[in-house]
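For reference, the structure is listed below as structure tokens.
The values are calculated or read from the model by the stated rules, or taken from the named source; none is laboratory data. Please read all numbers here as calculations on a predicted model, not as lab measurements. Heads up, the Cβs are rebuilt from the backbone with ideal geometry, glycines too, and the neighbour counts pull from every protein chain shown.
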Amino acid sequence: MMDNIFSLGLNTYREAIRQKVLYGLMFFMVLLILMAYFLAQLAVGDADVKIIKDMGLATIFFLGSVVSISMGISLVYKEIERKTIYTILSKPVSRTEFVIGKFIGLAVTLFVKVVLMTCLLLAVLSFYPEGADWNLWKASFLIFVELCVLVSIALVFSSYSSSFMSGLFCFSILMVGHLTDDLVSIVVKTIQRTKVSLPFPPEVFEWIKVFSFDHFIINSQIVYGVPVGMNRIFFGGLYGFFWVVFFLTIAVSLFRLKDLK
């Protein structure tokens with residue numbers, strides 16, 4: 001089983017690396033980080049370093065999300081459309097191995113991309129008196145975890161929907177995931193202000209924040225030097241692992257039900 005998953009993951013990684021769109025996005029990311037460096041020259045005091053950190057992390061997250069969704073939604077759908085899925089499944093490869101192998105291949109691709117971009121960001125910061133901020137690795141790690149969650153979500157929709165609809169659903173989930181905290185706060189304050197009668201206390205809505213993607217975002221703390229303990233990183237990674245397993249289970253179940261005859 002592990003041999004099949006490893007082979008599928010390796011082939012997915014090689015295919016992802018060869019795609020021109022990935023190189024284009026990486027070039028764009030490099031360009032944005034360098035732009036952050038030049039824009040920071042206009043800042044006063046140590047604000048220039050903060051701008052570089054903030055824009056650099058935001059760029060890694062944004063373009064990483066684009067790669068995760070755009071390539072994630074095509075992992076299964078493209079194989080079905082090109083009918084290469086029949087060749088793969090005709091071998092001793094189960095549908096579970098196929099989905100997990102595809103996920104691992106793209107996850108490794110994203111890991112390499114995040115590491116390279118973080119190294120570039122640290123290299124830019126090394127030219128400043130403050131030097132490189134190694135705490136950036138904490139933010140980059142949680143960004144990578146969120147990107148893995150996005151890939152698992154993309155695999156769910158890729159298992160039964162078209163590329164366009166899958167992309168639309170994924171971007172919608174991403175936006176809602178990062179707006180959850182704000183939406184819950186607005187709802188709770190509105191209920192308290194209007195004194196609407198509910199069969200349960202308004203604080204119950206706070207539990208919805210458990211599903212927020214903001215658990216992965218510590219960019220502001222890192223940029224402004226707020227200490228972030230390793231327990232925060234550990235629970236963020238554990239939280240992401242839970243969602244990856246959850247969505248991959250759904251993706252495998254849907255793919256098993258798909259009629260490929």
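Here is a yes/no grid of residues against (1) over 26 Å from TRP243 (Cβ atoms); (2) part of a helix (DSSP H, G or I); (3) modelled with pLDDT of 80 or more:
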residue: ASN11; (1), (2), (3): no, yes, yes
residue: PHE28; (1), (2), (3): yes, yes, no
residue: LEU32; (1), (2), (3): yes, yes, no
residue: LYS53; (1), (2), (3): yes, yes, yes
residue: MET71; (1), (2), (3): no, yes, yes
residue: VAL76; (1), (2), (3): no, yes, no
residue: GLU79; (1), (2), (3): no, yes, no
residue: THR96; (1), (2), (3): no, yes, yes
residue: LEU106; (1), (2), (3): no, yes, yes
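From the list SER94, SER140, SER152, SER162, exactly one residue is over 30 Å from PHE38 (Cβ atoms), of a type in the set (Ser, Thr, Tyr) and within 16 Å of the chain's Cα centre (by Cα). Which is it?
After ruling out the rest, the residue left standing is SER152.
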(request) Among the residues of segment 172-203, count how many are part of a helix (DSSP H, G or I) and modelled with pLDDT under 80. (result) 16
(request) State all residues of segment 116-161 that are out of contact with any Ser or Thr (no Cβ under 8 Å at 6 or more places or on another chain), hydroxyl-bearing (Ser, Thr, Tyr) and either at pLDDT 90 or above or part of a helix (DSSP H, G or I) (or both); if no residue qualifies, say none. (result) SER152
(request) Could you please find all residues in segment 220-237 being surrounded by fewer than 10 Cβ atoms within 10 Å (Cβ to Cβ) and either among the hydrophobic types (A, V, I, L, M, F, W, C) or touching a helix residue (DSSP H, G or I) at 6+ places or on another chain (Cβ under 7 Å) (or both)? (result) MET230
(request) State which residue is farthest from the chain's Cα centre (by Cα) when the search covers only segment 97-134 and only residues that are more than 26 Å from LEU150 (Cα to Cα) and not aliphatic (A, V, I, L, M). (result) PRO129
(request) Confirm whether ILE5 is closer than 23 Å to ILE218 by Cα, surrounded by 12 or more Cβ atoms within 10 Å (Cβ to Cβ), at pLDDT 80 or above and of a type in the set (Val, Ile, Thr). (result) no
